[in-house]
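Scroll down for the structure; my scribbles are underneath it.
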Amino acid sequence: MEPLCPNFDLLKSSSVPLFSHRLSSINRGISKRSSASFPCVSFYNRNCNHQALVKTEAPPQQQPTGPDLIKSLTKGFVGFAAAATALASVCSDSPAFAESLTVAFPVSRAQEVNTVQRTLVEAWGLIRETFVDPTFNHQDWDLKLQQTMVEMFPLKSADAAYGKIRGMLSTLGDPFTRIISPKEYQSFRIGSDGNLQGVGLFITVEPKTGHLIVLSCVEGSPAARAGIHDGDELIEINGQRLDGVDSEAAAQRLRGQAGTSVTVKLHRGNGSGSGSSIKEVKLPRELIRLSPISSTVIPHRTPDGRLTKTGYVKLSTFSQTAATEMKNTIHEMENLGVQSYILDLRNNPGGLVKVGLDVAKIWLDGNETLVNTVDRDGHMSPINMANGHALTHDPLVVLVNEGSASASEILAGALHDNGRAILVGHKTFGKGKIQCRVSRSYMMDLLFS
């Protein structure tokens, strides 16, 4: 068939091994094609019945290196971008547009880098499909893939390759869009499972400034004993500045084997605006037990002299055990005759969405809407509970403050907006974003962090 646009002649062949990878995100299917000795970009659209397959073969030649390799790769990716544009112009009028495209890229001889190359294409495709800013921070996102792939090809280690993906994502200007490597993900799982070795700090990136700030300290932890407060800005770890470092990378530096120590430098602003101070403190690392629930029963008398009981429940994080522990706590309090509740979400930085949904079910009935999300096209989609069965219908007050973030804000808002609870406290952190987490097995779920 005829090419969709004349720019297809920019696709040139080379003897660099290529891997063709079919992108998938939301409405795209996934398949992998065999290696080829030529650049290949294949597009199809199930609704438009148009297909363009471009292959240019040449006699075997010496493998290009250095500038020649970059020129060859650049030409191939320019052809890919042109083809993507051409397809959009043919089929964009279809109301049920669903495209699948295959990107061919040079296979690194380092197996661990090759694995990250595939992750790069998956990450790029997910951003291309779903990132909330359709301009991608006013840049050519197809060109960004080309540039990053060229930079990644000569690398020798997975760590260096993941660094290139981080660099690509950083150009979006969104601190919550980031790549978590397998090593970092394992560390995240350790924290969400309820145990880690570190200093007991919850930290996050302040969206407006990009600074790392302390959300809260684990009660009784080295950080809490050292007098570190929520709102403190983390400036250095072991003498290294944290400019441009994300929260997960900073958390990695704070963690370490129990018995070792880490030195942190913090900036504390005066809430009255009358000054600030710099504080440097050496913290011992310890085994931190992240128990997500602490509770007590508060007996008191009503104005008419009647004895009653209020259950106080503090939820410090949405870890994997949080919903189960809260359910057990509420059952115990109901058996003790508790007649009202206080749910304390102050300084709770968020956590796992499944846990947030399970916690909501403890307090709400039915299929109530927890939060509405709006995509880049302005389409609103609700996230609903499924068959909620509240353990109690007793009166509920929810406490929040500036350190209540992400899943805490969603839970507090859902309880308030569904008429289940009264909110008391200060304006919350105000994250306002939900991330998609994509694993190597292509499964997606939501992560409130």
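Taking the range 237-260 only, how many residues are open to solvent by less than 50 Å² (accessible area, probe 1.4 Å) and assigned to a strand (DSSP E or B)? Matching residues across the range 237-260 total 2.
The residues of the range 396-413 that are over 23 Å from E334 (Cα atoms), modelled with pLDDT of 90 or more and of a type in the set (G, A, S), listed by number, are S404, S408, G413. Taking I383 as the residue in question, decide whether it is hydrophobic (A, V, I, L, M, F, W, C), open to solvent by less than 10 Å² (accessible area, probe 1.4 Å) and in contact with a Leu (Cβ under 6 Å, 6 or more places away or on another chain). Considered against the rule, which asks whether it is hydrophobic (A, V, I, L, M, F, W, C), open to solvent by less than 10 Å² (accessible area, probe 1.4 Å) and in contact with a Leu (Cβ under 6 Å, 6 or more places away or on another chain), I383 comes out as no.
Selection of the range 371-380 for residues being open to solvent by less than 80 Å² (accessible area, probe 1.4 Å) and in a loop (DSSP other than H, G, I, E, B) yields D375, R376, G378. Restricting the first member to the range 150-166 and to residues that are touching a residue at least 60 places away in the same chain (Cβ under 8 Å), and the second to residues that are hydrophobic (A, V, I, L, M, F, W, C) and open to solvent by 40 Å² or more (accessible area, probe 1.4 Å), the beta-carbon pairs closer than 7 Å and six or more apart or on different chains are V150/I70. Cβ-Cβ distances below 8 Å connect the following pairs, each with a first residue in the range 129-142 that is within 12 Å of D174 (Cβ to Cβ), a second residue that is open to solvent by 50 Å² or more (accessible area, probe 1.4 Å), and a separation of six or more residues or different chains: F131/R376; V132/D375; V132/R376; V132/K433; D133/R376; N137/G173.
Here's the yes/no breakdown for (1) within 30 Å of R128 (Cα to Cα); (2) in the same structural domain as D232 (by the TED database); (3) touching a residue at least 40 places away in the same chain (Cβ under 8 Å); (4) surrounded by fewer than 22 Cβ atoms within 10 Å (Cβ to Cβ):
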site	(1), (2), (3), (4)
T321	no, no, yes, yes
V355	yes, no, yes, no
V359	no, no, yes, no
I362	no, no, no, yes
D394	no, no, yes, yes
R420	no, no, yes, yes
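Each residue in the range 350-370 was checked for being in a helix (DSSP H, G or I) and more than 17 Å from the chain's Cα centre (by Cα), and 7 of them qualify. In the range 206-236, of all residues being free of Cβ contacts under 8 Å to residues at least 60 places away in the same chain and surrounded by 20 or more Cβ atoms within 10 Å (Cβ to Cβ), the one that is nearest to S276 (Cα to Cα) corresponds to D232. In the condition set (1) aliphatic (A, V, I, L, M); (2) open to solvent by less than 80 Å² (accessible area, probe 1.4 Å); (3) at pLDDT below 95, I278 is compliant with all but (2). Tell me, please, whether a residue that is open to solvent by 30 Å² or more (accessible area, probe 1.4 Å), out of contact with any helix residue (DSSP H, G or I) (no Cβ under 8 Å at 6 or more places or on another chain), in a strand (DSSP E or B) and farther than 22 Å from G125 by Cα can be found in the range 173-191. Checking the range 173-191: not a single residue is open to solvent by 30 Å² or more (accessible area, probe 1.4 Å), out of contact with any helix residue (DSSP H, G or I) (no Cβ under 8 Å at 6 or more places or on another chain), in a strand (DSSP E or B) and farther than 22 Å from G125 by Cα. The one condition from (1) within 25 Å of Q339 (Cα to Cα); (2) surrounded by fewer than 19 Cβ atoms within 10 Å (Cβ to Cβ); (3) among the β-branched types (V, I, T) that V398 does not meet is (2). Residue check: is V313 surrounded by 14 or more Cβ atoms within 10 Å (Cβ to Cβ), closer than 23 Å to T428 by Cα and either touching a Cys at 6+ places or on another chain (Cβ under 8 Å) or not assigned by the TED database to the domain that holds V398 (or both)? So V313 does not fit the description; no.
Scanning the range 261-288 for residues that are over 30 Å from L396 (Cβ atoms), within 32 Å of the chain's Cα centre (by Cα) and outside any strand (DSSP E or B) turns up N270, R285. Does S291 satisfy the criteria of being open to solvent by less than 50 Å² (accessible area, probe 1.4 Å) and within 24 Å of the chain's Cα centre (by Cα)? Here the answer is no, as S291 does not meet what is asked.
The values are calculated or read from the model by the stated rules, or taken from the named source; none is laboratory data. These numbers were taken from a predicted model, which means no experiment stands behind them. All Cβ positions, glycine included, derive from the backbone under ideal geometry; neighbour counts span all protein chains shown. Keep in mind that these areas ignore ligands, DNA and RNA; they rest on the heavy atoms of the full protein, side chains included. Shrake-Rupley method; radii C 1.70, N 1.55, O 1.52, S 1.80 Å.
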